[in-house]
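The values are calculated or read from the model by the stated rules, or taken from the named source; none is laboratory data. Since the structure is predicted, the reported quantities are computational estimates derived from the model, not experimental observations. Note that each Cβ is placed from the backbone with ideal geometry, even for glycine, and that neighbours are counted across all protein chains shown.
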Amino acid sequence: MGLREKLNLVFVGHVDHGKSTIVGRLLADTDSLPEGKLEQVKNNCEINSKPFEYAFLIDALKDEQSQGITIDAARVFFKTVKRDFIIIDAPGHIEFLKNMITGASRAEAALLVIDAEEGIRENSRRHGFLLSMLGVRQIAVLVNKMDLVGYEKSVYDGIVSEYGNFLRGLKVEPKLFIPVSGRNGDNITPGNNSMGWYSGKSVLELLDDFIPYESPVLKPFRMPVQDVYKFTKFGDGRRIVAGTIDAGSINIGDGIVFYPSGKKSRVKSIESFNSAPGEMMAAPSTTGLTLDEQIFIKRGELAAKAGEKQPTVSSMMRVSLFWLGKMPLMKKKEYILKTGTFKVPMKLDSILRMIDAESLDDCTGKDQVDRHDVAECILNLSKAAAFDLAEDNPLTSRFVIVDDFEIAGGGIIIESLDDRQSWVRDMVLLRNYKWERSAIPLDKRYERYNQKSMLILITGGKDVGKKTLARALEKSLFDEGKFVYFLGIGNVLYGVDADIKVRDRKENAEEHIRRLSEVSNILLDAGIILIVTAIDLTQYDLEIIKTTVNPESIEAVWVGDEGSTDMKYDLYIPTIENLDEAVGMIKEDLQNKGVIFRIW
Amino acid sequence: MDHLDRLENIGVHIIREAYANFKNLCMLWSIGKDSTVLLWLTRKAFFGHVPIPLVHIDTLYKIPEMIEYRDRLTREWNLTMIYGVNDEAIAAKKTYPDGTVDRITCCRNLKTTALVNTLNGKGRRFKFDHRAGEYAVDTNKEPFTGVIVGVRADEEGSRSKERYFSPRDRQSEWNIGDQPPEFWNQYKTDFAPGTHVRIHPLLDWTELNIWEYIRREGIPTVSLYYNKGDKKRYRSLGCWPCTMPIESESASVDEVIEELKSGKLKNIAERSGRAQDKDDGGGLETLRRDGYM
């Protein structure tokens, strides 16, 4: 039994440009209405002595389908000989823009309605813009109410030229322009056309020309990691990396690289529940993979296939976004950005241009993005994310911004910008890519040493007793049988860093930090609890270290007076007058984080 | 990839998103076909495991086969099974079968109130002890902040406006007029303290899709859905005083599907056997705003 093809179609456009009339007409002229509906609505109009309008049909259907709640995008079912359609009649009123976006984001094709008499209006443009951003690539334009302009070809041509240029400015090639009259039925179905100068397709014929969405199976493989499952409680030893494939395909034996960490492994198996394990999986499937080597990865990473084009990694990006929040998008305020399964705090760095709904020109002088604005901005993430650019892979270029628990905006990434850590990250990506893994997994080392590896950074002002504390902590942990090492900074400076001559130059200072981090990373891989002290570490220094060392394996401790730098620490020790107490504070924090365990 | 695969993929993706984002997550299992498909999708999502506790609201008026089926699958699939019941209303005889309240009030007492109190931990929860083979009072009283529910948009009006991730406020109420936007595959997974989120992985499924999927996957369903010789079967399951069987000869999944596609059920609403919907003006809106599933 063949299952029929389905296509989601959205009608958008400025309020009162006649969307509902066209949909009503389409349903009536194709006999898609429930029996007696047309007569019933016509009768009602007669009784209330108001002229019948086809738009009433939609409202009547909506009433029936939705108990009179018409503020949200309602769905109407419609079929042609070829396939079934779900028509999403999105609200044209600006107040309901978030509902229009919710509806349109699931559409595979869009019909944008423009009133011939009124011409292109604010929402004609805004909706066009949003469709392109939401990824609806198949757009046709219906120039409606041709009867009101005397079926004049010049009016139609004017809109085709102006709106066509607007869409092409968005890199959208409109599929077709059709002059129609929803009220009189011109060009809704074939054979009804009072415009001799138009010989193209009717709306009904156009519908069958749309192509159902196909997942980009030929693009480079992308899978945002949803989770890593290990159901040992149920006696299942598998460690499954689960996710939904956004693009491309993957086979058993393929090399797989996870970003932003750059860690690499090979696909050992493709898991499934009640069917035989497969050899290959492709977009848009949900899947689960086991890997040859047990590398530490977690939710939020973006998986790519070795040998294909890899995603971009950065914490600075140029984006196009729309804003729906009740509060404007402002500089200096912290938001949460979500892309794929990755979630990260972010700030608005700058607004490059406001895309005024009247044109695509610059609209300067604004320093915030208001509700319903569309803008091009630079965003600054607190950690680097992995993504693609919109022109390469739309799905993995998408993001949303969360403000006060709500999704308040969304957009696409247009360009990756170099952030301050990019020079370090490039080296780290290469290092991870080339990393030679030991045959002994880190888990096994943790079991043997009864601890997790950790970098304890003790920092603060001058002469507050950082080294004293570090040595006392080292001894205390050592006495408890822990595998611990205090790395004196001098041991690095005069050995590993011997080639760096001028020590106080800024870029050299950064290189010192990078090398210290690399040394730390090796020692952590050996399973060690590593203690390092440094004067006045800044947040920037910490970011470099975090780019190199897994951020979850870092414990930053500030000793003494606060405020000399901007570094965010995990633990604050005001004074080490009582050394045992200070050591105890750090150990307690380590216990809470599961690095060491209290001996009961 | 056909449309059942697509629906399955979306469902599995959403269940995994819910599992990753909500610490105190549960899934409502009404024993009916929809929430059993949901349970099946969960086993797909987690490769045979069900790491999410299931919650059933018992009214003590459920058709007995439903409870037998529930406890059988609980054992066979090793489920973490919790049920809640409004024992106060039952003790005070504030139910429709007692003749003291109307159907809507009975639904509100035995289902909505029981559900709200089971979710927020204020009511007693009974959890199946797999070693003892019976239910015992659950000591965990933490509120559930994410609740997966098997509602479908095509069931009735208010459900057609639902989002996949739909917030409920501190009183479990739903603000249908001001719902958050939801686009691409990004959902509302952040929530203020005291509120919770309902998650609807089956929103895009139709009744026919559910049956087609049950057939394709061979999902066990409760026998009440089939005619066993008396030319009657249930189309939708609930409490025996308010849920009536329909006249039908369909005795198998195949026959149910045929009946839905071309037979006499083609244009008749699924919940037509539920008397409380009619008392609520044809929809569930009143009950759902208050926290009904």
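Odds and ends about this structure:
- Screening A:L579 against (1) assigned by TED's automatic domain parsing to the domain that holds A:D536; (2) surrounded by fewer than 15 Cβ atoms within 10 Å (Cβ to Cβ) leaves a single unmet condition, (2).
- Those residues of segment B:186-219 which are in a loop (DSSP other than H, G, I, E, B) and touching a helix residue (DSSP H, G or I) at 6+ places or on another chain (Cβ under 7 Å), in sequence order: B:Y187, B:T189, B:P201, B:L202, B:D204, B:W205, B:I219
- Taking each residue of segment A:111-137 that is more than 20 Å from A:S161 (Cβ to Cβ) and looking for partners that are polar (S, T, N, Q) and assigned to a strand (DSSP E or B) with beta-carbon atoms closer than 7 Å, six or more apart or interchain, yields A:M133/A:S320.
- Exclusive hit being among the acidic types (D, E) and under 21 Å from B:N24 (Cα atoms), set B:D102, B:D138, B:D98: B:D138
- Residue list for segment A:102-126, filter: within 19 Å of A:D373 (Cβ to Cβ) and within 14 Å of another protein chain (Cβ to nearest Cβ): A:T102, A:A104, A:S105
- Contacts under 7 angstrom Cβ, first residue in segment B:79-95 being over 22 Å from B:V147 (Cβ atoms), partner in a helix (DSSP H, G or I), 6 or more apart: B:K94/B:N109; B:T95/B:A89; B:T95/B:C106; B:T95/B:N109; B:T95/B:L110
- Only one of B:E182, B:E142 that is surrounded by fewer than 19 Cβ atoms within 10 Å (Cβ to Cβ), assigned by TED's automatic domain parsing to the domain that holds B:H13, modelled with pLDDT of 85 or more and among the charged types (D, E, K, R): B:E142
- Segment A:385-395: number of residues that are at pLDDT 95 or above and not aliphatic (A, V, I, L, M): 2
- Residue within segment B:178-187 that is touching a residue at least 60 places away in the same chain (Cβ under 8 Å), within 12 Å of chain A (Cβ to nearest Cβ), over 21 Å from the mean Cα position of the chain (by Cα) and over 25 Å from B:G32 (Cβ atoms) present: yes
- All positions within segment A:513-522 that are closer than 13 Å to A:I554 by Cα and either touching a strand residue (DSSP E or B) at 6+ places or on another chain (Cβ under 6 Å) or surrounded by fewer than 19 Cβ atoms within 10 Å (Cβ to Cβ) (or both): A:S520
- Here A:K482 does not qualify as in a loop (DSSP other than H, G, I, E, B), free of Cβ contacts under 8 Å to residues at least 60 places away in the same chain and of a type in the set (K, R).
- So B:S158, is it at pLDDT below 90, over 30 Å from A:Y335 (Cβ atoms), surrounded by 19 or more Cβ atoms within 10 Å (Cβ to Cβ) and within 17 Å of the chain's Cα centre (by Cα): yes
- Among the residues of segment A:113-126, some residue qualifies, meaning at least one is modelled with pLDDT of 90 or more, over 26 Å from A:M354 (Cα atoms) and of a type in the set (A, V, I, L, M, F, W, C).
Quick grid of which residues meet (1) outside the structural domain of A:A140 (by TED's automatic domain parsing); (2) of a type in the set (A, V, I, L, M, F, W, C); (3) out of contact with any strand residue (DSSP E or B) (no Cβ under 9 Å at 6 or more places or on another chain):
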| position | (1), (2), (3) |
| --- | --- |
| A:G164 | no, no, no |
| A:P174 | no, no, no |
| A:F177 | no, yes, no |
| A:S194 | no, no, no |
| A:K201 | no, no, no |
| A:E205 | no, no, yes |
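- Residue in segment A:159-177 that is crowded, with 17+ Cβ neighbours inside 10 Å, over 39 Å from the mean Cα position of the chain (by Cα) and at pLDDT 90 or above present: no
- Number of residues in segment A:508-536 that are at pLDDT 90 or above and in a loop (DSSP other than H, G, I, E, B) equals 3.
- Tally of residues being surrounded by fewer than 16 Cβ atoms within 10 Å (Cβ to Cβ) and either without any contact (Cβ under 8 Å) to a residue 40 or more places away in the chain or not in a loop (DSSP other than H, G, I, E, B) (or both) across segment B:105-132: 4
- Wholly within segment A:211-329, strands (runs of 3 or more DSSP E) carrying at least 2 residues that are within 14 Å of chain B (Cβ to nearest Cβ) and among the hydroxyl-bearing types (S, T, Y): A:286-291
- Residues of segment A:238-295 that are under 23 Å from B:G11 (Cβ atoms) and acidic (D, E): A:D246, A:E271.
- Residue among B:E259, B:E207, B:E270, B:E173 that is modelled with pLDDT under 90, under 25 Å from A:E108 (Cα atoms), touching an Asp or Glu at 6+ places or on another chain (Cβ under 9 Å) and away from chain A (no Cβ under 13 Å): B:E207
- Some residue of segment A:134-156 being closer than 27 Å to B:P180 by Cβ, of a type in the set (F, W, Y) and outside the structural domain of A:V319 (by TED's automatic domain parsing): no
- Which numbered condition A:E214 misses (of (1) touching a residue at least 12 places away in the same chain (Cβ under 8 Å); (2) under 22 Å from the mean Cα position of the chain (by Cα)): (1)
- Check on B:E134, away from chain A (no Cβ under 12 Å), among the acidic types (D, E) and out of contact with any Asp or Glu (no Cβ under 8 Å at 6 or more places or on another chain): yes
- Taken over segment A:240-254, residues that are crowded, with 16+ Cβ neighbours inside 10 Å and free of Cβ contacts under 8 Å to residues at least 60 places away in the same chain amount to 8.
- Test: A:F322 is aromatic (F, W, Y) and touching a Phe, Trp or Tyr at 6+ places or on another chain (Cβ under 9 Å): yes
- Residue tally, condition surrounded by 14 or more Cβ atoms within 10 Å (Cβ to Cβ) and more than 34 Å from the chain's Cα centre (by Cα), over segment A:435-468: 13
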